[in-house]
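A.B. asks: Would you mind keeping the following structure in view while I ask a few things?
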Amino acid sequence: MAFSTLNRTQYLDKMADGPLDLFVIGGGITGAGIALDATVRGLKVGLADMQDFAGGTSSRSTKLVHGGLRYLKQLEVRIVAEVGKERAVVYENAPHVTSPEKMMLPIYKHGTFGRISTSLGLKLYDYLAGVKKSERRVMLSRSETLDKEPLLKKEGLKGSGYYVEYRTDDARLTIEVMKEAVRRGAVAVNYAKVDDLIYSSGHRLTGVRVTDRLTGRTYSIYANKIVNAAGPWVDSIRERDHSKKGKHLHLTKGVHIVIDGKRFPMDQSLYFDTTNGDGRMIFVIPREGKVYAGTTDTTYTDKPIDPKPAAEDRDYILAAINGMFPTVHLTAGDVESCWAGVRPLIQEEGKSPSEISRKDEIFLSESGLISIAGGKLTGYRKMAERVVDEVVGQLHRETAKDYPACETKQVELSGGHFGGAEHFPVFIKKKTAEGIGLGLTEAEAHWLACKYGTNTDLLLELIRSHRDEAEAHHLPPLIYATLEYAVTEEMAVLPVDYFTRRTGTTLFNIEWAREWEEHVINFLAARLSWSEEQTLRYRKALEAAFDEASNPQ
C-alpha cells in the first residue's frame, strides 16, 4: 500500500469500511512498532495520530538507541539487559538510521564513577547487553583520554571508560517503522484525532470516532481490539474510558541544545557528570557538523502538545558543558537550536524525575482498552511485542484463532533492506557514485544514501526524471526529490513535517531550513492544492517551529 499524503481520505475511508482486528491510537515509535508487529502476525491494523507521526516524544529524544548505563546505578538490571540487546537488533534492521557511536565516560576524582566501579559497571553493561567482542568496553588512561578529547577539563581527570552506544535519527526511525508496517498492509493516517470512544450496549469498547484535522470530516472506525499508545496522552484516553485508576503518568521534560561544530570543535561523544553536584549526567554528541547536548529532567505539568525549551534549561546545559570543557566559554548566543520533549513515565511516589524507572507497563481496562505507558525509544520493539502478545492472546481466547509469535527481530525496516548491516558500507559507496553521476556533489549523494537507505533508488529516479519540475519550482533536484518523496511516500502534510521530522533540518541545519522555507511552502501549496488561508496558516506554524527552536523563552 502507498503511504501518500494525497491518499489520506482513502485511507480513512478504508479504516471506516469494515471492522479491523486492531486499531492503534498514537503514531509515535510505540504505536508504529505495535502496528508493524501486529501486521507481520497477520492482523488487520489501523492507526491514527492527532499530530504528525513522531510529532511528540518520538522526535524529541536524545537520539540514541542506548542501553541506559545510568540505570545500573538504580539496579534496573532487566531494563538494561533488554534494551541493551535491542540496540544491535535496531541497527541490523535499520543501519541507515542507526549507527554505532563510541562513547567516552570520563573519570574524575570525587566523581560519580571511580575507575574500578566504571570498569566493573561497563563490563556488566556489556555482559547484560550481549555486546559483541569488537565493541566491548576498554579503559583509557588519562593521556589516552585527552588524546581522544583534548578539550576535556584536565583537573582531577583520572582516565575514562570507552564503550559503544548507538546514535539514531529518532523521527526517521519512527517513520521507517511506520512505512514498513504500511508496506505490509497496515493503514495509518496522521493529523487524525480520536475524539471519542464507541461502546456496545454492554459497555465494551468497540471503536473510535476519528476527526480528520485537515478536512473536519469525522469517521467511525470499529475494531476488535483498541490499543492506547498515545504517549503523554495515555492518561487522557484512560480518563475518557473511565479507567484511569491506580497507577498514572508522571510527565518529565527533557531539553537539548545544538551548537555549531566550528564553535565547539569536539569529535568524541561523551557522557559525564554535571559539575553542580545535582547527580545528573549529560550527553554531548557530534552530528553532521553540529554538536548537541542534553538532557534536563524536570517534572512537567503543562499541556504535552508542544513543550517549550526554556532559557533556564538552555543555561543549565551550557553550564554543564562549560564545567566539563572549561576553555570553550559557550554562551546563549552560541546555541543555534534546541528542542524539548515530554517523557511519559509511570509515577513512583517519593522519587525525583531522574530516579523514576523507565520501565514500561500495560494497563487493561474493564471496557477492553489496552494501554501502554513508560518505556524507552530503544525498547520499542519489545514493548510492541508485549502489547501484541496481549492482543492476540485475547483474540485467541475469544475466537480460538491462532496467531504466530513475534517475528520483528528479523524484520528489516523500510530503507533497511540490505540483507544485514555489514552490506551497508558497500551500498553507500555505490549509491554515492550513482548520485554523483546525476550531478550531485559527493556530500549530497552520501547524505541521500545514508538518510534513505535502500529507498535511495526512488529518490535518484526523481532526480533523474523530474528536472523540469524541480526547475519550475525553483528547487535544486535534490530538494525537489526529498520533498516529492516526503509527500508521496512518507505522508508529510505540512512544511514543518518536512523540515523537522523528514529531514531534521529545523534542529541540525536551521539556516538551510530558513533559506529554503519559501520555496518549500510554495511547492507544497501547489502540490497539495492549498488555499491562501491554508498556506498562511501552515507558514505561521513553520515560523513558530523555527522560532521555538532558536529562541527558548
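A.B. asks: Apply the Karplus parameterisation 6.51 cos²θ - 1.76 cosθ + 1.60, with θ equal to phi minus 60°, to every residue of the stretch 208-224 and state each ³J(HN,Hα) to the nearest whole Hz, in sequence, with x for glycine and proline.
C.D. replies: Those phi angles translate into 9, 9, 10, 10, 6, 6, 8, 10, x, 6, 10, 10, 9, 10, 10, 8, 5 Hz.
A.B. asks: Would you mind counting up the charge near PHE3? Only other residues with Cβ under 15 Å from its Cβ, with Lys and Arg at +1 and Asp and Glu at -1.
C.D. replies: That sum, taken over residues with Cβ under 15 Å, equals 0.
A.B. asks: If you don't mind, there's one more thing I want to ask. Karplus couplings for the stretch 255-264 from phi (6.51 cos²θ - 1.76 cosθ + 1.60, θ = phi - 60°), rounded to Hz, Gly and Pro as x?
C.D. replies: Result, ordered by residue: 10, 10, 10, 10, 10, 5, x, 5, 7, 10 Hz.
A.B. asks: Say R0 is 25 Å: what FRET efficiency, to the nearest 0.05, do SER465 and GLN10 get from their beta-carbon distance?
C.D. replies: Efficiency, rounded to the nearest 0.05: 0.45.
A.B. asks: Given a Förster distance of 51 Å, report the FRET efficiency between SER236 and SER141 from their Cβ-Cβ distance, rounded to the nearest 0.05. Please list the in-between numbers first.
C.D. replies: Numbers: r = 52 Å, r/R0 = 1.02.
For R0 = 51 Å, the calculated efficiency reads 0.45.
A.B. asks: Output the Kirkwood hydrodynamic radius of the stretch 242-374, Cα pairs only, in Å rounded to one decimal.
C.D. replies: Here the Kirkwood hydrodynamic radius works out to 16.5 Å.
A.B. asks: What are the ³J(HN,Hα) couplings of the stretch 97-107, residue after residue, when phi is run through the Karplus curve with 6.51, -1.76, 1.60 and θ = phi - 60°? Round to Hz, x for glycine and proline.
C.D. replies: Each residue of the stretch 97-107 in turn: 10, 9, 9, x, 9, 5, 10, 10, 10, x, 10 Hz.
A.B. asks: Give the ranking of GLU398, GLU489 by solvent-accessible surface, highest area first, calculated with a 1.4 Å probe.
C.D. replies: Sorted descending by solvent-accessible area, the residues read GLU398, GLU489.
A.B. asks: From the mean inverse distance of alpha carbon pairs (Kirkwood) and the Cα radius of gyration, derive Rg over Rh for the stretch 154-284.
C.D. replies: 1.12
A.B. asks: Next question, about the same structure. Ranked by accessible surface with a 1.4 Å probe, highest first, in what order do ARG87, ARG136 come?
C.D. replies: Result, largest first: ARG136, ARG87.
A.B. asks: Follow-up question, since we're still on this one. Can you pull the one-decimal nm distance between simple spin-label points at LEU458 and SER99, each 7 Å off the Cα toward Cβ?
C.D. replies: Those two pseudo-labels are separated by 2.2 nm.
A.B. asks: How high is the relative contact order of the chain? Use alpha-carbon pairs under 8 Å, at least six apart in sequence, and give a whole percent. Before the final figure, lay out each step's value.
C.D. replies: Working: 1071 pairs, mean separation 108.8, N = 553.
The normalised contact order for the chain reaches 20 percent.
A.B. asks: 7 Å from Cα along Cα→Cβ at both SER550 and HIS519: what's the point-to-point distance in nm?
C.D. replies: 1.8 nm
A.B. asks: Could I ask something else about it? For LYS153 paired with GLU511, estimate the spin-label separation in nm (one decimal), with each label point 7 Å from Cα along the Cα-to-Cβ line.
C.D. replies: That separation, rounded to one decimal, is 3.1 nm.
A.B. asks: Quick one, can you get me the convex hull of the C-alpha atoms of the stretch 179-246 expressed as volume per residue in Å³? Let's see the in-between values first.
C.D. replies: On the way: hull volume 8.3 nm³, N = 68.
Convex hull of Cα atoms, per residue: 121 Å³.
A.B. asks: What length, rounded to one decimal in nm, is gained on full extension from LYS132 through to GLU422, with 0.36 nm per residue of separation minus their alpha-carbon distance?
C.D. replies: Contour length minus the Cα-Cα distance gives 103.0 nm.
A.B. asks: Mind giving me the FRET efficiency for LYS429 and SER201? R0 is 60 Å, r the Cβ-Cβ distance, nearest 0.05 is fine.
C.D. replies: Between LYS429 and SER201 the formula returns 0.45.
A.B. asks: Also, I was wondering about something else. Near LYS133, which lysines are there with a Cα under 23 Å away, not counting those fewer than 8 places off in the same chain?
C.D. replies: LYS85, LYS102, LYS123, LYS148, LYS409
A.B. asks: Want the number for LYS123 to HIS396: 0.36 nm per residue separation, take away the alpha-carbon distance, what's left?
C.D. replies: 94.0 nm
A.B. asks: Then there's this: In cubic angstrom, how much convex hull volume per residue do the alpha carbon atoms of the stretch 1-139 span?
C.D. replies: Details: hull volume 21.3 nm³, N = 139.
Hull volume over Cα atoms, normalised by residue count, gives 153 Å³.
A.B. asks: In terms of Cα to Cα distance under 15 Å, which aspartates and glutamates are near enough to LYS247, apart from those fewer than 8 places away along the same chain?
C.D. replies: ASP235, GLU239, GLU348, GLU349, ASP360, GLU361
A.B. asks: Going from most exposed to least, what order do TYR292, TYR300 have by accessible area with a 1.4 Å probe?
C.D. replies: Result of the area sort, largest leading: TYR300, TYR292.
A.B. asks: At 1.4 Å probe size, with the rest of the protein present, what percent of the exposed accessible area of the chain is carbon and sulfur atoms?
C.D. replies: In the chain, the share of accessible area belonging to carbon and sulfur is 52 percent.
The values are calculated or read from the model by the stated rules, or taken from the named source; none is laboratory data. Just so it is clear, the structure is predicted and the values come from calculations on it, not from any experiment. Virtual Cβ from ideal backbone geometry, glycine too; neighbours counted across all protein chains shown. The area values use the complete protein model at the heavy-atom level, side chains included, leaving out ligands, DNA and RNA. Shrake-Rupley method; radii C 1.70, N 1.55, O 1.52, S 1.80 Å.
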